[in-house]
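The values are calculated or read from the model by the stated rules, or taken from the named source; none is laboratory data. Owing to the predicted nature of the structure, the values given are computational and were not obtained by experimental measurement. Note that we place each Cβ from the backbone using ideal geometry, even for glycine, and neighbour counts take in every protein chain shown.
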Amino acid sequence: MFIPQMFKAIITTLVLGCTLIGFQALSAEYIAPPPFSKNIDADISRLAQSDEVKPISAGDTEFLTLYSEYISADFRGVVILIPDWQSTPTNNAGINFLRKELNNQGYTSYAMTVPDIDWQAAQDDAAKTINDPVGKNNETANANTKPDTSTQKQPHHADYVEQVNTEVVDDYKLKLVARYEALYQQAAMESENIVVIAQGTSAGVLLEHYADFSDLKINAFISLSSYLPNTKRNAKLSQITSLVAPALLDIYFATDSNDILMNLKNRQRWVNRNAKFDYRQRQLFGLRDAPQQHARLSKEIDGFLRRLF
């Protein structure tokens, strides 16, 4: 009788110990992974040549750029390269190739890192509305009031479905423009000829920024597959494209998404309506990371810029 009781005591002790360990594991503090930009900065600092890495300050924020000086006989200007959001200045979709190839054509290049996306921006905005004391008072005052059904909104057809909340895009735009303006000041000290090349969403928000009559003067803007991940704002991008001041080369790829390809004809129509004569639209076929594609991309950009200066 003594031995079975001893086994029961041992088993009970083991069960209690495993239970306590399980509770401790469940109650362990969650540690968030490092931001995407921190990983990119660490990789650039570790792998890139030290003379290429240049930190730039944008207010209280410091970000990294990859600097590459021109190596041709004639200096033609400075190019600012901006990758798509959640992308890197060393991506193989054209940015990394251009930042080196443009040096051979007489341009000094700065390829900047982009800010992180705050996917909680829309929730933070909603939380501010909920915590607004005025809003609470209005809600309390209206609680005892019978709603006026005659003024209520009627069901309507939804013309658009948003992929990304506009608050998220606005937050990214605000952070990107701050970095861009800081880098522009650095480029303006080296040359009066400044060219900006941007990809994807970064190109889309910069087009919105230029359409608001930005004080920063650039000679040319080159857009690579520009779009906005918010459907309503992407539809308006066609008209916005025709309102920007700098000369614009609008490059897209045959393999781009429908959100980009569907709006290209509308862009040309708005350009014709608003008489933007320094607008050019070019399509490139094939994969964007192929060496032949990089050569075609460089040729299109060089030809466009040589017509300007």
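For residues that are acidic (Asp, Glu) and farther than 19 Å from ASN103 by Cβ, scanning just the stretch 164-191, find the one that is surrounded by the fewest Cβ atoms within 10 Å (Cβ to Cβ).
Within the stretch 164-191, the subset acidic (Asp, Glu) is 167, 170-171, 181, 190.
So of that shortlist, the ones also farther than 19 Å from ASN103 by Cβ come out as 167, 170-171, 181.
Numbers: GLU167: 17, ASP170: 17, ASP171: 21, GLU181: 15.
By that ranking, first place goes to GLU181.
For the stretch 235-244, check the following and say yes or no: at least one residue is of a type in the set (Gly, Ala, Ser) and within 30 Å of TYR67 (Cα to Cα). Walk me through how you get there before you give the answer.
To start, the set of residues in the stretch 235-244 that are of a type in the set (Gly, Ala, Ser) comprises 235, 238, 242.
From what's left, within 30 Å of TYR67 (Cα to Cα): none.
There is no residue in the stretch 235-244 that is of a type in the set (Gly, Ala, Ser) and within 30 Å of TYR67 (Cα to Cα).
Working carefully through the options TYR172, TYR180, TYR210, find the one that is more than 20 Å from LEU64 (Cα to Cα) and either assigned to a helix (DSSP H, G or I) or of a type in the set (S, T, N, Q) (or both). Before you say what the answer is, go through the steps one by one.
Details: TYR172 fails: more than 20 Å from LEU64 (Cα to Cα); TYR180 fails: more than 20 Å from LEU64 (Cα to Cα).
The conditions single out TYR210.
Take GLN292 and tell me if it is of a type in the set (S, T, N, Q) and over 24 Å from the mean Cα position of the chain (by Cα).
Numbers: of a type in the set (S, T, N, Q): yes; over 24 Å from the mean Cα position of the chain (by Cα): yes.
For GLN292, the condition - of a type in the set (S, T, N, Q) and over 24 Å from the mean Cα position of the chain (by Cα) - is met.
In the stretch 89-113, how many residues are part of a strand (DSSP E or B), of a type in the set (A, V, I, L, M) and touching a residue at least 60 places away in the same chain (Cβ under 8 Å)? Even if it seems obvious, please write down each step before you answer.
At the first step, the residues of the stretch 89-113 found to be part of a strand (DSSP E or B) are 107-112.
Among the residues that remain, those that are also of a type in the set (A, V, I, L, M) are: 111-112.
Right, trim to touching a residue at least 60 places away in the same chain (Cβ under 8 Å) and you get 112.
The number of residues fulfilling the criteria is 1.
Take the stretch 63-88 and flag every residue that is in contact with a Phe, Trp or Tyr (Cβ under 9 Å, 6 or more places away or on another chain) and outside any strand (DSSP E or B). Before you say what the answer is, go through the steps one by one.
Filtering the stretch 63-88 down to residues in contact with a Phe, Trp or Tyr (Cβ under 9 Å, 6 or more places away or on another chain) leaves 65-68, 70, 72, 75-82, 85-86.
Within the stretch 63-88, TYR70, SER72, PHE75, ARG76, TRP85, GLN86 meet the criteria.
Name the residues in the stretch 71-94 that are more than 18 Å from the chain's Cα centre (by Cα) and surrounded by fewer than 21 Cβ atoms within 10 Å (Cβ to Cβ), would you?
Correct list: ILE71, SER72, ALA73, ASP74, PHE75, ARG76.
Step by step: first the residues of the stretch 249-271, then only those that are surrounded by 16 or more Cβ atoms within 10 Å (Cβ to Cβ) and charged (D, E, K, R), then the one that is modelled with the highest pLDDT. Which residue is that?
This residue is ASP250.
Residues in the stretch 35-56 that are part of a strand (DSSP E or B) and exposed (fewer than 12 other Cβ atoms within 10 Å of the Cβ): how many? Step through it out loud before you land on a result.
Taking the stretch 35-56 and keeping what is part of a strand (DSSP E or B), we get 53-56.
Add one more test, that the residue is exposed (fewer than 12 other Cβ atoms within 10 Å of the Cβ), and what stays is 55.
Count: 1.
Quick test of your reading of the structure: LYS136 fulfils all but one of (1) modelled with pLDDT under 90; (2) outside any helix (DSSP H, G or I); (3) charged (D, E, K, R). Name the failing condition by number.
Tallying (1) modelled with pLDDT under 90; (2) outside any helix (DSSP H, G or I); (3) charged (D, E, K, R), LYS136 fails exactly one: (2).
Keeping to the stretch 284-309, report how many residues are out of contact with any Asp or Glu (no Cβ under 9 Å at 6 or more places or on another chain) and among the polar types (S, T, N, Q).
2
Does ASP250 meet the test of being under 30 Å from GLU192 (Cβ atoms), among the charged types (D, E, K, R) and over 19 Å from the mean Cα position of the chain (by Cα)? Walk me through it before giving the result.
Numbers: under 30 Å from GLU192 (Cβ atoms): yes; among the charged types (D, E, K, R): yes; over 19 Å from the mean Cα position of the chain (by Cα): no.
So ASP250 does not fit the description; no.
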